[in-house]
Amino acid sequence: MANIVSPSILSADFANLERDIKSAEKYGADWIHVDVMDGHFVPNITIGVPVVKSIKRITALPLDVHLMIEKPDFYAQPFIDAGADILTFHYEALDNDNQIQQLINKIKSGSVKAGISIKPKTKPEVLLPFLNSVDMVLIMTVEPGFGGQKFMSECAEKIKFIKDNSPKNLIIQVDGGIDNNTAKICTSLGANSLVAGSYIYKSDNIQNAIASLK
């Protein structure tokens with residue numbers, strides 16, 4: 001089975017966002033990855049609900065929305081209403097397992113796929129209680145906040161742990177420093193969804209870049 005390739009629009013040209021999204025769609029992208037940052041959970045501010053709502057109107061691809069924000073439980077519904085098809089939040093953004101499970105249930109009740117992500121310093125074992133209820137686990141292989149960072153190979157080892165302890169249909173996504181070489185490392189460990197920003201949007205040939213991640 002081919003990998004799910006989800007180009008991150010964080011590396012797109014924001015003055016030509018529709019053009020860049022349609023380009024990824026044309027050249028074989030499976031999803032569109034939308035990095036939502038609030039300047040608190042991570043030291044950067046990107047886009048919010050109105051932009052997601054606008055993007056939804058111009059692409060047929062599923063919107064893979066990654067919430068790198070405080071209070072994801074408060075903002076989940078607005079992003080669902082805006083058109084998120086996959087909504088991923090961070091384990092570290094909530095206080096306890098009960099809150100996490102409640103948010104997973106809330107997302108799935110909106111007929112949206114629920115994803116949970118961990119930062120590089122978080123051990124994968126913390127996700128064990130949730131592997132049978134989420135649709136996707138997102139392993140960060142850079143510190144979340146900015147595009148163009150170098151791949152942290154030690155974080156990739158978490159992929160195998162998740163793969164060995166999860167149901168077969170779980171999507172294991174990796175984000176951070178992904179290119180045609182690091183993608184092979186991740187998929188060999190069990191990843192089946194790859195987020196790439198700079199590698200795709202800074203490429204001279206977007207079609208070849210996407211194809212190389214399949």
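The values are calculated or read from the model by the stated rules, or taken from the named source; none is laboratory data. These numbers were taken from a predicted model, which means no experiment stands behind them. Cβ atoms come from the backbone with ideal geometry, glycine included; neighbour counts cover every protein chain shown.
Summary table below
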| item | result |
| --- | --- |
| Filtered residue count, the range 103-148, keeping only those that are in contact with a Leu (Cβ under 9 Å, 6 or more places away or on another chain), within 24 Å of Ala82 (Cα to Cα) and of a type in the set (S, T, N, Q) | 1 |
| Residue among Leu103, Leu131 that is in contact (Cβ under 8 Å) with a residue 24 or more places away in the chain, of a type in the set (A, V, I, L, M, F, W, C), surrounded by 13 or more Cβ atoms within 10 Å (Cβ to Cβ) and in contact with an Asp or Glu (Cβ under 6 Å, 6 or more places away or on another chain) | Leu103 |
| Search result, residues across the range 192-206 that are touching a Ser or Thr at 6+ places or on another chain (Cβ under 9 Å) and either part of a helix (DSSP H, G or I) or acidic (Asp, Glu) (or both) | Ser198, Tyr199, Ile200, Tyr201, Ile206 |
| Matching residues, the range 15-51, being closer than 26 Å to Pro120 by Cβ, among the β-branched types (Val, Ile, Thr) and surrounded by 15 or more Cβ atoms within 10 Å (Cβ to Cβ) | Ile32, Val34, Val36, Val42, Thr46, Ile47 |
| Every residue from the range 1-53 that is of a type in the set (Ser, Thr, Tyr), touching a helix residue (DSSP H, G or I) at 6+ places or on another chain (Cβ under 7 Å) and closer than 24 Å to Ile69 by Cα | Ser11, Thr46 |
| Matching option when the condition is buried (at least 18 other Cβ atoms within 10 Å of the Cβ) and farther than 22 Å from Ala12 by Cα, among Ile69, Ile80, Ile86 | Ile80 |
| Number of the condition not met by Ile80 [criteria: (1) in contact (Cβ under 8 Å) with a residue 60 or more places away in the chain; (2) in a helix (DSSP H, G or I)] | (1) |
| Identity of the residue in the range 145-197, among the acidic types (Asp, Glu) and under 16 Å from the mean Cα position of the chain (by Cα), that ends up surrounded by the most Cβ atoms within 10 Å (Cβ to Cβ) | Asp175 |
| Subset tally (residues that are under 22 Å from Gly145 (Cα atoms) and either free of Cβ contacts under 8 Å to residues at least 24 places away in the same chain or of a type in the set (Phe, Trp, Tyr) (or both)) for the range 27-46 | 4 |
| The one condition in (1) modelled with pLDDT under 95; (2) within 14 Å of Asp35 (Cα to Cα) that Gly115 fails to fulfil | (1) |
| Residue match in the range 14-27 (condition: within 17 Å of the chain's Cα centre (by Cα), of a type outside the set (Asp, Glu) and under 20 Å from Met140 (Cβ atoms)) | no |
| Flag if Ala93 is farther than 28 Å from Val126 by Cα, of a type outside the set (Phe, Trp, Tyr), more than 15 Å from the chain's Cα centre (by Cα) and buried (at least 17 other Cβ atoms within 10 Å of the Cβ) | no |
| Residue that is nearest to Asp135 (Cα to Cα) [pool: residues in the range 30-73 that are of a type in the set (A, V, I, L, M) and in a loop (DSSP other than H, G, I, E, B)] | Leu61 |
| Subset of the range 167-181 (residues that are part of a strand (DSSP E or B) and acidic (Asp, Glu)) | Asp175 |
